[in-house]
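*Asks:* Structure in structure tokens, see below.
Read the figures in this text as sums done on the coordinates, not as results from a lab. Keep in mind that what you see is a predicted model, and the values were worked out from it rather than measured. Here the Cβ is made from the backbone with ideal geometry for all residues, glycine too, and neighbour counts use every protein chain on show.
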Amino acid sequence: MSKKIVRVISVVAGVLLIAAGIYCIIREDVALMTGAVILGLSMLLSGVLELVIFAKAGGTMLGSGWLLLDGLLTVILSLFMLFNGFFTLLYMPLLFSAWLMFSGIFRIVSAVDMRAFGARYWWVTLIFAIVLTVVGFLGFIDPWVSLEAMSITIGIVFILEGLDSIIAGFNSPSRDI
């Protein structure tokens, strides 16, 4: 897979995540009712894209094992959310918080790898990663309060994830993979 295709996939995923984030912020009522489906589908898309990128470029990336693990866990969690409605409604705040924390930790590792590659804006990914990790941790402190702000939280996180994906697309290695 060429670097151009990896970049395009990352940017497209980022734009879709940003669009989902804006939708969640604008339509809070609908976002709460369909939050599990939106979150599940977005997570499934994100996880599948990470697995595709790992399959095509895993041998040339630092920390590619983290990408594989993040992709697998994201796909598994998304399937729980999509196919088990009661489980999702009951545990959505905790699942969302866990996903945020894991995704943030993965991105911290990714930012360190980007720095090792000499990527110019690695620190932006690090900042997004820290924000994701902190928000995920705060969600565990009082998950029911986080449910009240779920649509805005989902929207903000989707926008951050989308921005991070776009930045990662532009910071991919300069050689073909």
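*Asks:* Asp142 versus Phe170, label points 7 Å from Cα toward the beta carbon: distance in nm?
*Replies:* 3.8
*Asks:* For the range 3-170, would you read off the P(r) tail past 20 Å as a percentage of all alpha carbon pairs?
*Replies:* Of all Cα-Cα pairs in the range 3-170, 47 percent lie more than 20 Å apart.
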